[in-house]
């Protein structure tokens with residue numbers, strides 16, 4: 001009779017161990033499928049709108065850069081976009097309005113989850129008071145700090161313009177941009 005309670009206890013321990021081992025096997029299998037899930041093409045596309053070089057006083061200036069990038073991996077993004085610069089200069093007795101534009105190529109690498117470095121090559125047409133427009137291709141590089149939620153993020157970015165002619169027309173050596181990004 002003393003053997004029956006010991007047998008029941010042994011059976012309960014065996015059932016508990018087998019069930020525990022089965023649960024661990026299922027958890028490992030679920031972790032493997034989570035790791036191997038593919039990211040869809042739409043999730044690898046990064047959309048951004050940049051507003052920068054905003055100026056008041058003696059006129060008005062605003063630059064806009066919509067871009068689209070493709071995330072090659074978790075760190076590197078390659079893309080392209082378009083840059084549009086509007087300048088209104090209030091100088092007595094004449095007022096001048098300039099609209100400069102051009103396409104650009106970009107490459108970005110994330111240093112951490114919040115800090116990134118970026119390089120851009122811009123093919124730009126500078127508007128001048130007297131025709132023709134001046135075309136200048138120039139390189140810019142800089143860094144940014146990003147914050148925000150899962151899909152939409154915002155950041156502040158500083159870019160150094162490497163061309164003397166472009167710096168003269170743009171009016172500054174370092175450009176500051178407010179960036180609104182989806183799927184960063």
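The values are calculated or read from the model by the stated rules, or taken from the named source; none is laboratory data. Because the structure is predicted, anything quoted here is derived from the model rather than measured. All Cβ positions, glycine included, derive from the backbone under ideal geometry; neighbour counts span all protein chains shown.
Summed over segment 34-57, residues that are loosely packed, with under 13 Cβ neighbours inside 10 Å, in a helix (DSSP H, G or I) and either on the phi > 0 side of the Ramachandran plot or touching a strand residue (DSSP E or B) at 6+ places or on another chain (Cβ under 6 Å) (or both) total 0. Answer yes or no: is there a residue in segment 58-65 that is modelled with pLDDT under 90, at positive phi, touching a strand residue (DSSP E or B) at 6+ places or on another chain (Cβ under 6 Å) and surrounded by fewer than 16 Cβ atoms within 10 Å (Cβ to Cβ). Yes, because at least one residue in segment 58-65 is modelled with pLDDT under 90, at positive phi, touching a strand residue (DSSP E or B) at 6+ places or on another chain (Cβ under 6 Å) and surrounded by fewer than 16 Cβ atoms within 10 Å (Cβ to Cβ). Taking the options 148, 142, 158, name whichever one is assigned by TED's automatic domain parsing to the domain that holds residue 80, at pLDDT below 90, closer than 30 Å to residue 44 by Cα and in contact with a strand residue (DSSP E or B) (Cβ under 6 Å, 6 or more places away or on another chain). When all the criteria are applied, what remains is 148.
Note on segment 92-184: enclosed strands (runs of 3 or more DSSP E) holding 2 or more residues that are free of Cβ contacts under 8 Å to residues at least 60 places away in the same chain are 94-110, 115-126, 134-148, 152-161.
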